[in-house]
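Taking it in order: structure first as structure tokens, then the write-up.
Just so it is clear, none of the values below were taken in a lab; they were calculated from the coordinates. Remember, predicted model here, so these are calculated numbers, not experimental data. Cβ atoms come from the backbone with ideal geometry, glycine included; neighbour counts cover every protein chain shown.
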């Protein structure tokens, strides 16, 4: 994918404190690239007990369903206000449903823009789950205000996931003033980092490489600490290389990174 080939973007418009900022950023990217944008808004209770309460005979159901519909309506009003300059390229999709279901709209997207999990009172989809189920690149925004992209960090680990994330990140890396390819621990060699450096150079991007010891810490903690110390604006990381089952049992670098509030995370 090149910078000129972002043609379809999906933004997760699940109601939360960062939803308007997220929609604004997705619209900005869509306008800059001449892409269409679909906002997918889901309202679904976090607790299973509430979902079970939504039965035809339940008075409580009507009250809770009304709250969900009001949340959808409020977000629709926000979207319409922000999209008034280019309504023909901006689409809306909503429903009282699990966001993992409604975000299946992203299966034909080049990019899905999401927020930080846990920032909503309603159920939210996991960014890496969405990347894995749709095959699309996922751009996860932090809770901080958007900033100009200056310093990009590629957390490299040999594997399909890292390669997919890197290719998907190329449109954004072209705007970075500085790019660092970072490897952590003995599983990443200097030759691997040099190969990534050459790949970026072939795409007209100048990057430096850095290798750090794990020193008994997790790769994620080393990467997150480096990103914070260096003022990184954008982090590129591959999705769960261990596989979903192992990730749930043992944890993993991607999930640990998603718990941080680094300004950008792009995972695929």
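Details
- Sequence-separation-based contact order of segment 72-166, relative, with Cα cut under 8 Å and 6+ spacing, percent: 23 percent
- Given R0 = 30 Å, the distance between the Cβ atoms of residue 91 and residue 17 translates into a calculated FRET efficiency of 0.80.
- Segment 97-141 and segment 175-243: distance between their alpha carbon centers, rounded to Å: 24 Å
- Inter-label distance, residue 189 to residue 201: 1.9 nm, where each label sits 7 Å from its Cα along the C-beta direction.
- Each distinct pair of alpha carbons in segment 108-205 adds a 1/r term; the inverse of their mean, the Kirkwood radius, is 15.1 Å.
- Cut-off 13 Å, label 7 Å out along Cα→Cβ of residue 81, residues of segment 15-30 by amide N: 19-21, 24
- Residue exposure sequence - 78, 189, 102 - by fewest surrounding Cβ within 10 Å: 189, 78, 102
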